[in-house]
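Remarks on the structure that follows.
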Amino acid sequence: GLPARPPCLCPGCPHTGAFFVLRRLGFFHSPPMKVPLERSALGRLQHTGLVIAGDLGCYTLAVLPPLLAMDTQGCMGASIGNALGLEKAGGPNKVVAVIGDSTFVHSGIPALIDVVYNRGSVTTVILDNGSTAMTGHQGHPGTGVTARGQTTHALDYAQLGRAVGVPEVHEVDAFDLAKLESILKRCIESPLASLVVVKGPCPVHRGIKGEALTVDHAACDGCAACVRLGCPALALDQGKAQIDAALCIGEQCDLC
């Protein structure tokens, strides 16, 4: 008798905005008359302007509707190497690699070095939620906490990117969609390799919960734009947007 819960990112997940923006940019970068929109294996129209090489983590759920913002997924740390290989294969599409913070530390760093060494133009996006969210929220070298819970040095991803020679490095708040879109657009269009660190706390790990947002039903025209975020706290009821107060984390997110 439990309500259905489709696989999706959590309410307030900082990764949601990044995938929403990447999918949006994918439509605008579709090469005209060369690569038409195609139906994905899920039977939905999928973007083809960007190839988004994904990785292994809770953010892999972005492959599913409504985000549909991931095209490949292999083992941990494979996204950056896959992206470089796809670019060197000479396809018409721009290529973006998406990887979580703990996965990047686990096995993504050598591939980022390879992008620089092989003169790639891949845009690498590190989704930094300050936790190993997929497997229990344990620490990793980027969190500043050891496996025994002791304070230690926290790896600086932006500083590391500059150290290995990435020409363009940015850090951006995961919930600032306008800035995130501007930076990603610039990096994707650049002929140089780039690294974008998208920072936002995992709400489950940090226990973030504020007063739920509400919908002004008089102003809602039922366009469903907010529902396309894929947030499980959002739904349409009789043509109007509804927010589930038990799920919404409040103004700490406010992507909708």
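Here the relative contact order of the chain, from alpha carbon pairs under 8 Å that lie six or more residues apart, stands at 20 percent. Note on segment 93-237: with charges restricted to the Cβ of Lys and Arg (+1) and Asp and Glu (-1), its dipole about the Cα centre is near 400 debye. Near the amide H of HIS140, within less than 5 Å, lie the amide hydrogens of VAL145, all on another chain or at least 5 residues away, with H placed in the peptide plane.
Near LYS94, the amide H atoms lying under 5 Å from its own belong to VAL51; only residues 5 or more places off or on other chains count, and H is placed 1.01 Å from N. Largest first, the extents of the alpha carbon coordinates of segment 89-141 on the three principal axes equal 39, 21, 13 Å.
Under 5 Å between amide hydrogens, built in the peptide plane, is the criterion, and for LEU195 it picks out THR124, GLU168, VAL169, HIS170 among residues at least 5 positions away or on other chains. When Rg and the Kirkwood Rh are both derived from Cα coordinates, the Rg/Rh ratio for segment 119-256 amounts to 1.05. Sorting 56-65, 220-229, 2-11, 180-189 by their mean Cβ neighbour count within 10 Å, with the most densely packed peptide first, gives 56-65, 180-189, 220-229, 2-11. Our estimate of slack between LYS240 and ILE208, defined as 0.36 nm per intervening residue step minus the Cα-Cα distance, is 8.8 nm. About its Cα centre, the dipole of the chain is roughly 500 debye, where the only charges are +1 on Lys and Arg Cβ and -1 on Asp and Glu Cβ. Here the Karplus curve 6.51 cos²θ - 1.76 cosθ + 1.60, taken at θ = phi - 60°, turns the phi angles of segment 158-170 into couplings of 5, 5, 5, x, 5, 5, 8, x, 5, x, 10, 10, 9 Hz, with x standing for Gly and Pro. DSSP beta bridges fully contained in the chain are about 25 percent antiparallel. Helix-only arithmetic for the chain: the sum of -39500 (n - 2.57) across DSSP H runs with n ≥ 4, divided by the residue total, places the mean residue ellipticity at 222 nm at -6500 deg cm²/dmol.
Ligands, DNA and RNA left out, the 1.4 Å accessible surface of segment 56-212 is 54% carbon and sulfur atoms. Each distinct pair of alpha carbons in segment 81-189 adds a 1/r term; the inverse of their mean, the Kirkwood radius, is 15.0 Å.
Most tightly packed first, judged by the mean number of other beta-carbon atoms within 10 Å of their residues, the peptides 86-96, 193-203 read 193-203, 86-96. Each Cα pair under 8 Å and six or more residues apart adds its sequence gap; the mean of these over the residue count of segment 147-256 is a relative contact order of 23 percent. In the context of the full set of protein chains, the chain has a per residue accessible area of 50 Å² (1.4 Å probe). Normalised by 2.2 N^0.38 Å, where N counts its residues, the alpha-carbon radius of gyration of segment 180-256 equals 1.41.
The values are calculated or read from the model by the stated rules, or taken from the named source; none is laboratory data. Predicted, not measured: the structure shown is a model, and the values here were computed from it. With ideal geometry, Cβ positions are generated from the backbone for all residues, glycine too; neighbour counts draw on all protein chains shown. Calculation scope for accessible area: heavy atoms of the full protein, side chains included, ligands and nucleic acids excluded. Shrake-Rupley method; radii C 1.70, N 1.55, O 1.52, S 1.80 Å.
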